[in-house]
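Single-structure report; data block below.
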Amino acid sequence: MKIPLCILLPAAPLLLAGLAAGQTGVPVFSINWRSPTVSVADFFTATPITEGDLLAPAFLAPMIGFQPQPNIVESGGTGFPVGLGLLLHAGCVGHVGGTPCSVEVDALSHALDPIVQCSSNVNFPPPTWAFSVSFRAIGYPGSPIPPNVVTEGPCGDEAADVFHTFSIPCGPIGATTPYGHNALIDGNGLASCSGAVYPGLGLIEPAPGDDLDALDLDVPDRWLPTSTCTYFSLDSAFWDPGLGVFNSGSAAAHGFVGGDVLRTCPSCGPAVYASAATLGLDLGGPDTDDLDALLLRENGVAGYQRSVTPYDWTTGATDQLFFSVRRGSLIVGQPDSVFGMPIEPGDILFPTGPAGSLPGIWVTAEALGLATARSVPGTPIGDDLDALDALHESWPGTGFCFGDGSGTACPCANFGAAGRGCGNSSNPLGGLLWANGFASISNDTVHFTVSGLTNPNPALTILVQGTGVVNGGNGAAFGDGLRCLSGSTKRLYKRNLLCGNREYGATVPGDLPVSVAGTLGGPGPMNYQVWYRNGATFCTPSTLNFTNAYRIVWTP
């Protein structure tokens, strides 16, 4: 599915210049404790929403016009859907928005974000950043291409919206003038005071309304958050100088600090993945900084490997991690480690230099089109970057051969969720295979992602290419799943799992491009599927299982 482009009313329609090939997938997000949607019953299950739950639009895709309140796609607790495992969550269900309750999630990723790189290859351009801002953001005066924070802020429509950048070059960027941004997703999908109408999430606006507090775009289906690891941060307790209130303190309430990146998965509770100190935060003492936005790409090696120099994550040696800090953090105003500029709450930061170094600025708030005390006279507190993501390229193909009962039956009625493979020994939803990139043999940027496979790790996975399909594309029962490929088959990549996930192809360090690994002789259709081992015997004596299949039509 694709998110429609925004419409300006009554002005002429305006293309979203930075949105390369189109945003795809389900947006997953959270809201903060002051939001009135807290305590409202979610659309699917009528469960009261909390600020610790991960949400998606009622009908999964943002829509123009009125739509119902969002759905909970991953609980903050241990209930349904399988959640983050926050022990205080149950006691917060039903509390009213505007009253803090120690479960706020304020940064989010599933560690599958696109690799940020700088290349002369036109299909590897600098990223299009997507972000949200906190209440009372004003934007950089003169920032081009409305609607943006400058036009939406005066009527209180800015905090529930998602914006995206355009024409920002490769980082690090120390610019103090705007490249600018444009609205991508609206809070409610209705016309704002600027006259702009663009697809909404079902949130409440204008202010005092909802504040979108964490964000992960491009999620391929609504079940991914419950079938893979989730990386997130909780909230510090210090004073918010912009709103004149204390933050919720959800991190300390669960034994962490607000600068920690945490990881939870379907078979484990939350634990520290990257500590605040590792990221160059809390140098003034515990919980003095709050990590407020997160973009992460895991390198597939257990644990967090901190970046030391820009782009070292493209080698696979480190994990790619970008973040921002909340206004009121002690680090605000300290010199960053790249430019020596005073850090602002609207900057995109990254860990760099020796351990213990202050983080560096990757993109300044000004370059994003946000106001700072650094550059905008009379601004005592800069705009707060509240959530962060980068947009993937479009999906280059389509899935088929599902183990969800829509075609051939799974071997022991172990049907998976819609669009996935048959259920496995640790995940009844089944494995999911999808791809991003440009399927051009001469300029191949395709990379595959598989998720929702078996735990515990490691488990062997093999991405297989096939010229034909079994049973008209419906597959045949084999082992614990459905074998979908026939004809001339070729094993392209073998890899063990991490958190039930794995990636293969052009942007994975050390991998040949898919078209090269598959020795494609020319353009045309080709089929792919991941074969993997269940973690235990549960369906048939065999432990072999399969994801859905995926078809790409390659161009020259």
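The values are calculated or read from the model by the stated rules, or taken from the named source; none is laboratory data. Not measured: the values here are computed from a predicted model. Glycine also receives a Cβ, built like all others from the backbone with ideal geometry; neighbour counts cover every protein chain displayed. Quick note on the areas: whole protein, heavy atoms, side chains included, nothing else; ligands and nucleic acids left out. Shrake-Rupley method; radii C 1.70, N 1.55, O 1.52, S 1.80 Å.
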*Tally time: how many residues in region 240-284 are open to solvent by less than 40 Å² (accessible area, probe 1.4 Å) and on the phi > 0 side of the Ramachandran plot?*
4
_For region 112-128, check the following and say yes or no: at least one residue is in contact with a strand residue (DSSP E or B) (Cβ under 9 Å, 6 or more places away or on another chain) and among the small types (G, A, S)._
no
*For Y504, state whether it is open to solvent by less than 10 Å² (accessible area, probe 1.4 Å), hydroxyl-bearing (S, T, Y) and farther than 19 Å from L544 by Cα.*
yes
*If you check G356, G378, G340, G346, which single one turns out to be of a type in the set (G, A, S) and in contact with a Gly (Cβ under 6 Å, 6 or more places away or on another chain)?*
G346
_Pair list, Cβ under 8 Å, 6 or more apart: region 453-469 residue closer than 15 Å to N545 by Cα and modelled with pLDDT of 90 or more, other residue of a type in the set (A, V, I, L, M) and outside any strand (DSSP E or B)_ = T461/L453; T461/L497
*Single condition G255 does not satisfy, out of (1) free of Cβ contacts under 8 Å to residues at least 12 places away in the same chain; (2) among the small types (G, A, S); (3) touching a Gly at 6+ places or on another chain (Cβ under 9 Å)*: (3)
_Residues located in region 159-178, provided they are under 16 Å from I361 (Cα atoms) and either touching a strand residue (DSSP E or B) at 6+ places or on another chain (Cβ under 8 Å) or free of Cβ contacts under 8 Å to residues at least 12 places away in the same chain (or both)_ = I168, G171, P172, I173, G174
*With the checklist (1) surrounded by fewer than 19 Cβ atoms within 10 Å (Cβ to Cβ); (2) touching a strand residue (DSSP E or B) at 6+ places or on another chain (Cβ under 7 Å) in hand, flag the one item F538 doesn't pass.*
(2)
_For the structure I just gave you, tell me whether D235 is under 16 Å from Q320 (Cα atoms), in contact with a strand residue (DSSP E or B) (Cβ under 6 Å, 6 or more places away or on another chain) and modelled with pLDDT of 95 or more._
no
*Do you know which of the residues in region 169-191 that are assigned to a loop (DSSP other than H, G, I, E, B) and either buried (at least 24 other Cβ atoms within 10 Å of the Cβ) or aromatic (F, W, Y) (or both) is modelled with the highest pLDDT?*
G187
*Pairs, first in contact (Cβ under 8 Å) with a residue 40 or more places away in the chain and over 16 Å from I168 (Cα atoms) in region 130-151, second of a type in the set (K, R) and in a loop (DSSP other than H, G, I, E, B), C-beta under 9 Å, six or more apart*: S134/R326; S134/R327; F135/R34
*Can you name every residue in region 307-340 that is of a type outside the set (S, T, N, Q) and open to solvent by 40 Å² or more (accessible area, probe 1.4 Å)?*
V308, P310, Y311, A317, L330, V332, G333, P335, V338, F339, G340
*asked:* Checking N148 against (1) more than 22 Å from S30 (Cα to Cα); (2) open to solvent by less than 50 Å² (accessible area, probe 1.4 Å): exactly one of these is not met. Which one?
replied: (1)
